[in-house]
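Asker: Dropping the structure in here first, questions after.
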Amino acid sequence: MNNILQIIKDADPFEQAYDREFYHMFLSFCSLICIMHGKKMNLANIFILLMKDKEIRSLYKTLTEADTDYDALMSFLKYDPTLYKSKYIKNFLAVNELDV
């Protein structure tokens, strides 16, 4: 049943347009962060910055129309499901208490 629903979803023009627009905004946001910091940053470092900085997280939520902080952070994991394995993220989470 899930396969049929996934096939229908993949063929839906609305879903295709939404996904393309979301990924464009996602990558534009990552580019903006790199420009703001004056250096190329990897996805793990941008994710950590998103967890640390409420203002940047708010900007990201506005751009991607994410309703909650959880949705905003999960969209990074949707883009790169292996992101949680990053040693940078593991070290950050081990040392810091988040205010998310």
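Asker: With the checklist (1) of a type outside the set (S, T, Y); (2) touching a Leu at 6+ places or on another chain (Cβ under 7 Å); (3) exposed (fewer than 15 other Cβ atoms within 10 Å of the Cβ) in hand, flag the one item R20 doesn't pass.
Answerer: (2)
Asker: Quick check, is L32 surrounded by 12 or more Cβ atoms within 10 Å (Cβ to Cβ) and touching a residue at least 24 places away in the same chain (Cβ under 8 Å)?
Answerer: So L32 does not fit the description; no.
Asker: Give the residues of region 1-29 that are closer than 21 Å to L77 by Cα and either among the small types (G, A, S) or in contact (Cβ under 8 Å) with a residue 24 or more places away in the chain (or both), sorted by residue number.
Answerer: A17, F22, Y23, M25, F26, S28, F29
Asker: Follow-up. I'm trying to understand the selection: among the residues of region 80-91, which are among the aromatic types (F, W, Y) and either farther than 9 Å from A44 by Cβ or exposed (fewer than 13 other Cβ atoms within 10 Å of the Cβ) (or both)?
Answerer: Hit for region 80-91 is Y84, nothing else.
Asker: Follow-up. Can you pull out the residues in region 53-78 that are out of contact with any Phe, Trp or Tyr (no Cβ under 8 Å at 6 or more places or on another chain), surrounded by fewer than 16 Cβ atoms within 10 Å (Cβ to Cβ) and touching a residue at least 24 places away in the same chain (Cβ under 8 Å)?
Answerer: Selection gives K54, Y70.
Read-outs: derived from the displayed coordinates by stated rules, not from any lab. Predicted model, so just to flag it, every value in this text is computed and none were measured. So basically every Cβ, Gly included, is an ideal-geometry build from the backbone, and we count neighbours across all protein chains shown.
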